[in-house]
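The values are calculated or read from the model by the stated rules, or taken from the named source; none is laboratory data. Everything quoted here is computed from the prediction, not taken from an experiment. Virtual Cβ from ideal backbone geometry, glycine too; neighbours counted across all protein chains shown.
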Amino acid sequence: MNHNRLYLRFLLTFLVVILCASLLLTSCQTKRIINMSGFIQTVTIDKSDRPNEYFFGITFAELKPDGKAKAVYMAYRASNFEEAYDHFLMQTRFTLVVGQVRNIIVGKALAEEGLLIPAISNLLLQPKFPITTRLMVYEGEARDFLKLGEDVTDFNLYRLVIKMQNFYKISISTVFNFVRDYIENGADPYSFIVKIKSKSASLSGSAVFSKQGKWVGTLSEQETIYMLMMRSPKFNTFIHLDKEAGHAPIPITMQNAVSKRTITVLETKPVPKIIITLHVKGTLDTTLSELTSDQQVQESHVEHAMEKQITKTIRKLQDLQSDPVGFGMFVRNNMAFEEWDDAKWPEMFKQADIQCKVKFNLENKI
């Protein structure tokens, strides 16, 4: 019996030693990989003063001897990302991995001239490049982000977009979405706008693009929410209407409203006639304790207010001839194949008769 116990104790001790040695080796190997690999986290792209050349910038984390990481910033002018990437490799001891890229930020001039797709096309050919990378535009030169003294363009900005995505329950402002809408008949791309304020990065509305990939207009934060509501079959959203807009005795605020939309095409020509219906339900966050029975929040008033604001957003998109909602896809699906002309859709969209209907259900009535 004692012999068996001694044997088991020896075996257990041996296994613990093997496990500890394995963990130490794994830890050393992981540290060596991190030290040798620079995981590129953000790529910035700006227009250059030379034809067919762009300013590419990158940020990546460098592990210091004390175990802490610091952000490293580099920039280079090149005709494509592959050329810039080769230059960056020659300037550092890192292998520079693109598989962990979180953000691509492009400058205003580049986006307005329709150079965004040509600028990122070579990057898209990288086999390990994640198409879920966030694509954002900046109203200035994107390489301004490289001058910040803190790492705000990487994890912090990435987490901000992820937080919004988790709240909205949809994929937003990704490279995949942008490229898909760029090549899709009857839809136009959009992207969030990022700004710098007090050495920190934040989001400020969205940029909408033409079928040629040019930045043609800007939506405010509220207009962006309405655009995403119309774009998404199901959408979790934040809704706020002041007393005047909602014709209510109190401001109407809902933190976790849910919207479901349907789009019906009544006619395709000579002028498309479309009805978009939004079924919205939510719980009023504003206190109801001070309201009397004759001061109830009327659902019809909320419906009218939302219809008015969403219709205003639709008219703005029509004036810009940009269709990030994708109304054109529904019109195209109601046409014969030979009748659809993608080149004519922007003008058809501008002239289209689009009506918005909102059906609102307040879940905590008094």
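The set of residues in the range 203-212 being crowded, with 20+ Cβ neighbours inside 10 Å and not β-branched (Val, Ile, Thr) consists of Ser206, Ala207, Phe209, Lys211. Per the conditions (1) under 23 Å from Phe330 (Cα atoms); (2) surrounded by 17 or more Cβ atoms within 10 Å (Cβ to Cβ); (3) not β-branched (Val, Ile, Thr), the sole criterion not satisfied by Leu241 is (1).
Condition (residue is assigned by TED's automatic domain parsing to the domain that holds Pro130 and either aromatic (Phe, Trp, Tyr) or at pLDDT 90 or above (or both)) applied to the range 19-39: is it met by at least one residue? Among the residues of the range 19-39, at least one is assigned by TED's automatic domain parsing to the domain that holds Pro130 and either aromatic (Phe, Trp, Tyr) or at pLDDT 90 or above (or both), which makes the answer yes.
Beta carbons closer than 8 Å, at least 6 apart along the sequence or on distinct chains, pair a first residue in the range 198-221 that is outside any strand (DSSP E or B) with a second that is among the aromatic types (Phe, Trp, Tyr) for Lys211/Tyr182; Lys211/Trp345; Gly213/Tyr182.
So, of the residues in the range 132-151 that are part of a loop (DSSP other than H, G, I, E, B) and closer than 20 Å to Val72 by Cβ, which turns out to be modelled with the lowest pLDDT? Ranking the candidates gives Glu150 first.
Across the range 298-308, the number of residues qualifying as surrounded by fewer than 16 Cβ atoms within 10 Å (Cβ to Cβ) and either closer than 25 Å to Lys350 by Cβ or modelled with pLDDT of 95 or more (or both) comes to 1. Taking first residues from the range 305-329 that are within 12 Å of Thr224 (Cα to Cα) and partners that are at pLDDT below 95 and basic (Lys, Arg), the Cβ contacts under 8 Å between residues at least 6 apart in sequence or on separate chains come to Pro324/Arg231; Val325/Arg231.
Kindly evaluate Val101 against the criterion of being on the phi < 0 side of the Ramachandran plot, buried (at least 17 other Cβ atoms within 10 Å of the Cβ), part of a loop (DSSP other than H, G, I, E, B) and touching a residue at least 40 places away in the same chain (Cβ under 8 Å).
On the way: on the phi < 0 side of the Ramachandran plot: yes; buried (at least 17 other Cβ atoms within 10 Å of the Cβ): yes; part of a loop (DSSP other than H, G, I, E, B): yes; touching a residue at least 40 places away in the same chain (Cβ under 8 Å): yes.
Yes, satisfied.
Residues in the range 180-197 that are surrounded by fewer than 18 Cβ atoms within 10 Å (Cβ to Cβ) and not in a loop (DSSP other than H, G, I, E, B): Arg180, Tyr182, Ile183, Lys195, Ile196, Lys197.
In the condition set (1) at pLDDT 75 or above; (2) out of contact with any strand residue (DSSP E or B) (no Cβ under 9 Å at 6 or more places or on another chain); (3) assigned to a helix (DSSP H, G or I), Phe129 is compliant with all but (3).
Which one is farthest from Pro189 (Cα to Cα), of the residues in the range 62-98 that are charged (D, E, K, R) and surrounded by 15 or more Cβ atoms within 10 Å (Cβ to Cβ)? Even if it seems obvious, please write down each step before you answer.
First pass over the range 62-98, keeping only residues charged (D, E, K, R): 62, 64, 66, 68, 70, 77, 82-83, 86, 93.
Now restrict to residues that are surrounded by 15 or more Cβ atoms within 10 Å (Cβ to Cβ): 62, 77, 83.
Numbers: Glu62: 34, Arg77: 26, Glu83: 27 Å.
Taking the candidates together, the pick is Glu62.
Please find, within the range 54-73, the residue that is nearest to Asp144 (Cα to Cα) out of those that are touching a residue at least 60 places away in the same chain (Cβ under 8 Å) and among the hydrophobic types (A, V, I, L, M, F, W, C). Only one residue fits best here, namely Phe55. Identify all residues within the range 328-351 that are under 18 Å from Asp181 (Cβ atoms) and of a type in the set (A, V, I, L, M, F, W, C); write none if there are none. Met329, Phe330, Val331, Trp340, Ala343, Trp345, Met348, Phe349, listed by residue number.
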